[in-house]
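Since the structure comes first, as structure tokens, the remarks are kept for the end.
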Amino acid sequence: MIKLMADSTCDLSDAVLEKYNISLAPLTINIEGKTYRDRIDIQPDEFYGLLEALPEFPTTGMPSPAEYVSIMKQAVEEGHQEILCICMSSGTSGSYQSAVLAKDYFYEEFPDSIVQIHVVDSKCMSHGSGWLVLKSAMMREQGASFEEIIAFNEQYKKKVKHFLSVDDLDHLIKSGRLTNTSAMIGKVLMLKPIMSMKDGRGAIVGKERGLKRVLKHYTQEFIKRNETTVTDFLIIGYTSDIKVAENLKAKLLMDTDFTGDIHIMQMGVSVGTHVGLGAISMFFVEK
């Protein structure tokens, strides 16, 4: 059996992680001088309840190579001889580089090991990499080989379409994802920026006035861009308001002919640190 692992920014639900035996290397979050491991020492709802009252902006850190090596060793102990690790984009974090180092450390410690390890730079963020991890798990369950799953990830990782809109622009400013000028224009005009990924980094691809227009934008772009032969499910992400995610799901079901699964999953602490409360996102494979 192929072992799947990722960093905690994939933001897959606990139910999905447990169902498919997916292991996570946690990012760390520094809050007022204390360091927490994402989804181990602090949970999303707990974090979002604290976020607005924090006097200092939290910071995040990549998983250490040791975290990855520990998961690899555990996988081998469980009898796995093929390990696929899918990481957030190398353009936004050192998580991928840390996993590559871990792979090297593993083979240094076990030079005669027959275990195969492949690390994917997903070029994605949040449920974008999560989409690839879940698709890989589904392919594994359907009998796909290690090589076939690797090939799928490398072929489609740049085709996973991201849409993210936020309620509070200040978090994007503080995390360096948005310039002060863009933010001020957005605030004055009451515009919500819509972000996507370009060349492995976040980029603003649109601006809409109000949540209703944002959800309409998402739906129209999905109709126009969706690769119907590949997107057998999509993921809607949210930070603090699940009702917005449910509204988007209802709109997609009503306004499109998509018949696949639509998963609603909460963004984790690491991603939430940068996007803040009220964020809403959507992920699928585009043409």
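We did not get these values from a lab; they are worked out from the coordinates using the rules stated. Remember, it's a predicted structure, so these values are computed and weren't measured experimentally. Cβ atoms come from the backbone with ideal geometry, glycine included; neighbour counts cover every protein chain shown.
Things to note:
- Between residue 73 and residue 241, the FRET efficiency estimated from the beta carbon spacing at R0 = 41 angstrom works out to 0.55.
- Backbone amide hydrogens, once placed in the peptide plane, bring residue 239 within less than 5 Å of 267, 278, 279, excluding anything fewer than 5 places away on its chain.
- Residue-count net charge about residue 107 - beta-carbon cut-off 15 Å; Lys, Arg +1, Asp, Glu -1: -3
- Computed 3J(HN,Hα) for the range 120-130, one whole-Hz value per residue from the Karplus formula 6.51 cos²θ - 1.76 cosθ + 1.60 where θ = phi - 60°, is 9, 8, 5, 6, 10, 10, 6, 5, x, 5, x, glycine and proline marked x.
- For the peptides 210-222, 58-70, 139-151, residues were scored by their other Cβ atoms within 10 Å and the scores averaged per peptide; the highest-first order is 58-70, 210-222, 139-151.
- Principal semi-axes of the equivalent ellipsoid, √(5λ) from the alpha carbon gyration tensor of the range 1-124, are 28, 16, 12 Å from largest down.
- Three principal axis lengths of the chain [C-alpha, angstrom, descending]: 62, 48, 30
- Cβ-placed point charges (K, R +1; D, E -1), dipole of the chain about Cα centre in debye, nearest 20: 1420
- Residues residue 147 and residue 287, FRET efficiency given R0 of 25 Å [Cβ-Cβ distance, rounded to 0.05]: 0.50
- Measuring between their Cα centroids, the range 245-287 and the range 110-146 lie 22 Å from each other.
- Computed label-point distance, nm, for sites residue 116 and residue 32 using a 7 Å Cα→Cβ extension: 5.0
- Förster-model FRET efficiency, 35 Å R0, residue 230 and residue 81, C-beta, rounded to 0.05: 0.80
- A full extension of the chain between residue 46 and residue 97 corresponds to an added length of 15.4 nm, given 0.36 nm per residue minus the alpha carbon distance.
- Ordering of 25-34, 89-98 by burial proxy (mean other Cβ atoms within 10 Å per residue, highest first): 89-98, 25-34
- Here the sum of -39500 (n - 2.57) over DSSP H runs of 4 or more residues, divided by the residues of the chain, equals -13000 deg cm²/dmol at 222 nm, to the nearest 500.
- Nitroxide proxy distance, nm - points 7 Å out along Cα→Cβ at residue 15 and residue 256: 2.0
- Peptides 270-278, 112-120, 8-16, 37-45, ordered by how many other C-beta atoms sit within 10 Å of their residues on average, highest first, read 270-278, 8-16, 37-45, 112-120.
- Listed values for the range 269-277 are Karplus-derived 3J(HN,Hα) couplings in whole Hz (6.51 cos²θ - 1.76 cosθ + 1.60, θ = phi - 60°), namely 5, 4, 5, x, 4, 8, 10, x, 6, and x replaces Gly and Pro.
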